[in-house]
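Here the structure comes first, spelled out in C-alpha cells, and everything after it is commentary.
No lab work stands behind these numbers, since they all come straight from the coordinates. No experiment lies behind these values; they were computed from the predicted model shown. Cβ coordinates were reconstructed from backbone atoms using ideal geometry, including for glycine residues, and neighbour counts include every protein chain displayed.
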Amino acid sequence: MWPELRAGLSGWLSPSRTIWLIGAFLAQFYCAPARANAPLNYLFGAGPRNVSTLTWGVLTISIIVVVIVTGLLLFATLKSWNRPASPAWKERELVPRATNPVAVVYAGLILSTAVLLGVTIWTMMTLADVAAPPSKPTVSIEVTGHEWWWEIKYLSSDPSQIFTTANEIHIPVGKPVAVRLQSADVIHSFWVPALSGKTDLIPGQINKTWILADRPGTFRGQCAEYCGLQHAHMGLKIIATSKNDFEAWRKNQLQSESEKSIGSAGQNVFMQKCAVCHTVRGTRAGGRVGPDLTHLMTRTTIAAGTLPNRPGYLSGWIADPQHVKPGSKMPRLQIDGQQLAEVRTYLEALN
Amino acid sequence: MSLVEEVEPRRLPVGSIGHHATGWWAMLCGIVTEGALFGYLLFSYYYSAMQSHAELWPPELPHLSLALPNTIVLLVSSGAIWFGERGAKRGNAREELLGTAAAIILGIIFVTVQFFEWHNKPFSIHSSAYGSLYFTITGFHMAHVMVGLLILLAILIWCWRGYFGPHRHAYVSIAAIYWHFIDVVWLAVFFTIYITPYLSGRS
Amino acid sequence: MTEIEYDRVPKVVEAIGRPELSARLRSFWESKPGLYGWLATVDHKTLGIRYIVTAFIFLGLGGIEALIMRIQLAQPNEHVLTPEEYNQLFTMHGITMILWYALPILTGFSVYLQPLLLGCRDMALPRLNAFTYWVFLFSGVFLYASFLIGAAPDAGWFNYVPLASIEQDPGPNIDFYALANIFLGISTTLGGVNFIVTILRFRAPGMSINHLPIMSWGTLTISVASVLSIPAVSLAFFLLWMDRHFGTHFFDPATGGQPLLWQHLFWLWGHPWVYIIVLPALSMVSQALPVCCRRPLVGYSLVALATVLTMVLGFGVWLHHMFATGLPTMALAFFSAVSLIIAIPSAVSLFSWLATIWTGRPDFTTTFYFFAGFIIVFVIGGVSGFMTASVPVDWQLTDTYFVVAHIHYVLIGWNLFAVLGALYHWFPKMSGRMLDETLGKISFWFIFIGFNVGFFPMHISGLLGMPRRIYTYSPEMGWSTLNLITSIGSFVLAIGLLITLVNVVRSLRVGRIAGPNPWDADTLEWSTSSPPPPYNFAVIPTVASRSPLWEDRLGEGQKSSPARGFVLDQGKETLGTTMLDAVPDVIVKMPEDSLAPLLLSLALAALFTTMMLEAWWWLAASAIAILVITVAWLWPRRSLGEIEGSTS
C-alpha cells in the first residue's frame, strides 16, 4: 500500500499544485473579515502603520522560510524513497565525504545573513520612528496599575483640569497622547493591541509611552504581564472620538458629583459600605483602594472590562464580586436585597 | 599497530600528579563558576548604584582604615600558602606546615577584623538596598574565606600526616589556587565597594 | 594494598580473544549486586539511564499539569480550576519542564554516551556524577513536596518580583521554588564541571579536537555555559529568599531596591539556559542523522563552530525578554540586533542537516522520522523567535500565546523530538534490544500531528491578542475554537508519548536482540557490546578520524584501532590525554563505588529543608554533616594515587 501511496502523492504534488496550496495557506493570514471578531487583534489595528508593516513583513518572511525548508526536506527525503530495498546492514555502502556539499551550507548561510541583516536594518528604522510620537502630545495621562484595575489620571499644568477615572480612557482621534505608567503593587503591562505595543508598569519607576488612534472607535486593552489571581480579568478600553466629543466627555468628567443625591438611602448605603475603598468626588466618599466611581455610568464596562455596565451585571457584581473575580480585592459585602437595590439606584445616577 | 605504538613508548604518570590531576581541572572549573557568582554580585551592586537616582549611593563613604590593612593581610596569606605549596613540591615538611599554618592564621585574622568592621557599621543589612548589598557581598566573600580555612585546615592535618610530597601534592596546589582565587575576588570586591565611591567625585 | 607507582609505561594489547582480560577488568569495574551496589554505584551507564528515566518522569508530571490546564482552557469561562490552582499548575509546568526535564534528559544521554563516544572508561569524576544525579532527584522531590501541602509556587516560572515578594505571596510557595532551584543548581553546575573535564581530558589518543564527536561539542559548549550562567539564577533566588525572610532590600522599590534587578539576574541565566537545553539536542541530531543517512555530517567544522558561536551570542541577548520594561532605545536596538543575528549560526546546522539528507541515502527508521519532523518544527520555532527578536514586533507579540507557541516549538521541537529520535537510536546500545519500528512510527505520527495541531493554533491566538497566563477568557475574544483545537492536539500528543512508553516497556522484554552495531554506525560506542561491559573498552581505543568505524569503507586512509591500545588493567584505571591533540598524558586511578554521594545529597536535602522551616539549629547540624561527609569523601586515598610514597 505504501509504495502506491507514495507514488500517487509525488505525482499529485505537481509544481503548479504546490504553488496553489502554498498560496491558499498564506491567504488565510491576509483575510481581514475573518479576523474582525477578535477585539485584541492588532494586525488590522489603528496604530503606527510602519509597525504593522514590519509585523506583516517578518510574518511573511517566516512563512516563506518554513515553506522552503519543508519543501527542501520533503524533496531530499522523497528522492530516496523509491530506491530499492537494501540488503543486510554490513553490505551497505556509505556515501563518501568527497561528495561534501559544504558549499550548500555556505550558500544558505549567506542567504540567511542577508535576510537577517535586512530585517535588522528595517527594525532599527521602525524603532527609531516609533520612539517618539509624530507630533507633540496634546493630552497626557498617568496610568497606575493596581491589582486588578487601572487608575487613569488626566494630567494638566492647570490643577483644576486634573481628574481621575478608571479602566476606560477617552482620547481625541488623530492626536498623540502621552502616557505615564507606574504601579501601585506589582508589575503590570499596558497593552491596547490595536493602537500600540506593550509597556510595563513597574513599581518604583515611571515608564513612558504614547498612543495615537488614526480613526475613531473602541479599542480593547488587557494587562499583559502576569500579576496574580485576576490577571485574566484586568481589561481596559480606549475610546477614540472626535475632538469635540472628547472635549465634552472631558468637561463632564471634571465635574464633581452634584448635591441631588444627598441623604438618599442609596447614598447612605454607599457611605457605609463602599466609601472606604471608593471615591465619589463632591461627597465624603474618598477611598483610594478601588476605582474612582464619580462618573461610573459613563463607562461601558465594570470590573476592569470583565462585565458590561448594565443594571443586572452591576447588581451581580456588587452582590458577589468574588464569584465574578475570585481573589479580587473587593470583598463580599454584607448587603441585603433592599440595600443592593438602593445603592444601585444611587450608582446609576453617577453620570 | 595502533597509533600509540607508532611513537616512542613513554612513561606516563599514574594517579594524582600535579596539574595532571583531575581534581586540579575540577577546581579550575569551580573557580570559574564561583568567579561568575561574584561577577553577578558585583553586577547587582553596580546596577543598583546606577539606578538609585534619588538617594546617595553609598549613603556615606566607606572607611578604609580597617579594610585596607585587612586586604594586605589577605594578600600576605596568599604568599604564605604559596610558600607552603612550594614546600610540598620540594618535599620540605617544615615549609609545608609553616606556610599552611601561617595562611590559616592570617585568614582567621582577616575574618575577625571583618566581623569587627561589620559590627561597627552605622547601617545594617535591613537599612537600605546599599546595606543589603554591602553585607551580602562581603558576606559571600567571607563565607568563601571560611570554606577556604576549612580546606587549609584539612591540608594542614594531611600535611602533618605526611601524605604529600614531591610527587603527590596535587591537593596542596588545589587548595592554594582556591585560596589565591578568593584573594583576587577580594580585590575586586574591595575595589567596587571601597574605592569606586571615591572615584565618583564625592568627598 | 596495591602499590601505586608514580609512573609506568602502559602495556599495549590486542583486545580480541582474551576472556581473562574481560574477567579481570570486570572484577575492578563491576558494581556489587544488591542494595549497596545500587545505592553506591558510580558507573556512568547506570547513572545515565537513571537520569533519563527520572527526567522522563518529570516530563510526565509536567505533561499532566499541562493537560489539566488544557481542559480548563478548552472552552471560555470554564470552572475546572480556580485561579490559584491554575496559577500553581502553569508555574509548576514551566518549572518542571524547563528545569527538571529539559536539561536532565540531555544530561542523561550525555552521561551515558560521552565516555563511550570519547573512548574512556567513565566520566572524569564518577562519584561527583552519582552526586549530581541524587541532587537532581532530591531537589525535584523537594519541589514537588509543595504540592503535598497545596502550596506550589504560583508566580510563574520567571517568578517576577514584586509578585513573588513576601508581601504579595506570603506562603511557602515561592520559598519552595527558590530553595529547590538553588539545590538543583548545585547539581547542574557540578555536572557541567564533570563534562568539561571529561571531554577535555579523557579522550582516546588521537581524538584531537577536530575529531571530537559532534555530540561532544554540544555537551562541552553548554557545560561551559552552565558553569558561567547558573550562578546568576542561584544568586537571584538567594537574594529573593533573603528579601522574603530577612528584611533585606534587593528588589523592594519602597526602600531603594530594584524590581528589574531580578529580571536582569534571572534572564542573564535564563537566556543562556534556553540554549543550554537545546544545543545538546541539536548535536544529538548531528551525531545520529548522518548514521541514518549513511554518510558523514556535511560541514562538521561549521556546525561545531556554529554551536559555540550560538552559545556565546546567547550570553548577549538576555534583554530581549525585557523589551517592554521601558529600557533606553539604544539598549533595545543593540539587543534586538544581536537577537536577530543569533539566528545565523542556528541556520548553519539546519543547512548541514538538509545537505546530509540530500546527499545521503536515508534509512527510514523511526529515528529518521523523528529527525525529519524535528527539522520542520525546528524551523517553525526558529522563525517565530526571529519575529519576536524585532523590538517593535515584540511589543505586540511578547506575553501572548505567540510566545507560548514559540517556546513550545523550540522546546518540544528542538528538545523533545531530538530526544525521541535519540532514544530510538541509542536504546539498542543501552538495553541490548531494538525498539519496535511499527509502534515507533505510529508514535511519531501521533506526536507530530498532535503537537502541530496543538501548538500551531497558538501562533494565531497570540496574533489575535490572547495574553499568556490567563486562567480563562471570554467568548467574545474570538479565541474559543483555537483553544479547543489546541486542547485536542495536546491530548493526541500525550497519546503518542504513551505509545513510545509502551514500546520501551515491551521492547525491554521481547525486543529483537540488537548486537553491538545494529545501525552500522561510525563512532566508538558502537564498537562495544550492547549493553557495554562495565569497563566500556577492554583496551583504550585509538582514533584517527571522526568516524573510526567507517574508515575502511570511506577509503580516506585513516587508521583508528578500536581493538588495540593501552590495556590499563592494574586496577580501576583509564587514560587522561592532553586537551587539544589528545596525546596520552596520565593514567588516572578511578574511585570505587561509594555511598558518600548519596549521603551528601541527603545531607544537602536536609539543609534545604531546614532553610524552608527556618530551623537554624538543625541547619547547623546539617551543615556539620555536610562538612564531615565531604571530608570523608575527599580524604586522600592511596588507591587513587593521592598519597606520597607506597605502603610498607
Task: Inter-site label distance for A:I110 and B:R11 at 7 Å from Cα along Cβ, in nm - done: 5.7 nm
TODO: Over the whole of C:361-371, what's the average partner chain Cβ count within 10 Å per residue? Rounded to a whole number, please.
DONE: 2
TODO: Tell me the label-point distance for the pair C:V510, C:A632, using the 7 Å Cα-to-Cβ offset, in nm and rounded to one decimal.
DONE: 4.7 nm
Task: Degrees, to the nearest 10: C:279-293 long Cα axis against longest axis of chain C - done: 60 degrees
- [ ] Assign unit charges at the C-beta atoms only (+1 for Lys and Arg, -1 for Asp and Glu), then state the dipole size of the protein assembly as shown relative to its Cα centre in Debye, rounded to the nearest 20.
- [x] 1640 debye
Open item on the list: Given axes a ≥ b ≥ c from the Cα gyration tensor, I'd like to know whether region A:259-348 is rounded (a/c under 1.5), prolate (a/b larger than b/c) or oblate.
Closed with: rounded
Task: Under 11 Å, Cβ to Cβ, from C:D436 - net charge with Lys/Arg +1 and Asp/Glu -1 - done: +3
Task: Pairwise FRET efficiency - A:K329 versus C:N210, Cβ, R0 = 60 Å, nearest 0.05 - done: 0.40
Task: Helix-only mean residue ellipticity at 222 nm for chain C, each DSSP H run of n ≥ 4 adding -39500 (n - 2.57), per residue, nearest 500 - done: -20500 deg cm²/dmol
TODO: Please average, across the residues of B:157-168, the number of beta carbons from any other chain that are within 10 Å of each residue's own beta carbon, and give a whole number.
DONE: 4
TODO: Would you calculate a helix-derived [θ] at 222 nm for chain B, using -39,500 (n - 2.57) for each DSSP H run of n ≥ 4 and dividing by the full residue count, to the nearest 500?
DONE: -24000 deg cm²/dmol
Task: At R0 = 45 Å, FRET efficiency that the Cβ-Cβ distance of A:A248 and A:N268 yields, to 0.05 - done: 0.90
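Net charge within 14 Å of A:I302 by Cβ-Cβ distance, Lys/Arg positive one each and Asp/Glu negative one each, not counting A:I302 itself?
Once positives and negatives cancel, what remains is +1.
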Task: Spherically averaged projected area in nm², based on the convex hull that wraps the Cα atoms of region C:37-510 - done: 22.2 nm²
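Once the Cβ-Cβ distance between C:M330 and A:Q161 is put in as r, and R0 is 60 Å, what FRET efficiency do you end up with, to the nearest 0.05?
0.95
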Open item on the list: Less than 12 Å Cβ to Cβ from C:T528, Lys/Arg counted +1 and Asp/Glu -1: what total charge do the surrounding residues give?
Closed with: +2
Open item on the list: Distances longer than 54 Å among the Cα atoms of the protein assembly as shown: what percent of all pairs is that?
Closed with: 26 percent
Task: Percentage of interatomic Cα-Cα distances in region A:139-254 larger than 23 Å - done: 24 percent
Task: In region C:577-644, the GluC sites (Glu not before Pro) that fall in loop regions by DSSP, at most 11 other Cβ within 10 Å - done: C:E614
- [ ] Ignore the peptide's own chain and count Cβ atoms of other chains within 10 Å of each Cβ in B:175-188; give me the average, rounded.
- [x] 0
Open item on the list: To check you understand DSSP bridge types, tell me what percent of the beta bridges within the protein assembly as shown (both residues inside) are antiparallel, rounded to 5.
Closed with: 75 percent
Open item on the list: Within region C:218-235, name every residue whose backbone N is under 20 Å away from a label modeled 7 Å from Cα of B:A188 along the Cβ vector.
Closed with: C:223-235
Open item on the list: Please compute the Kirkwood hydrodynamic radius over region C:252-371, one decimal place, Å, based on all pairs of different Cα atoms.
Closed with: 16.4 Å
TODO: Give the range of the longest stretch in chain B that excludes all trypsin sites (Lys or Arg not before Pro) found in loop regions by DSSP and having at most 15 other beta-carbon atoms within 10 Å.
DONE: B:12-160
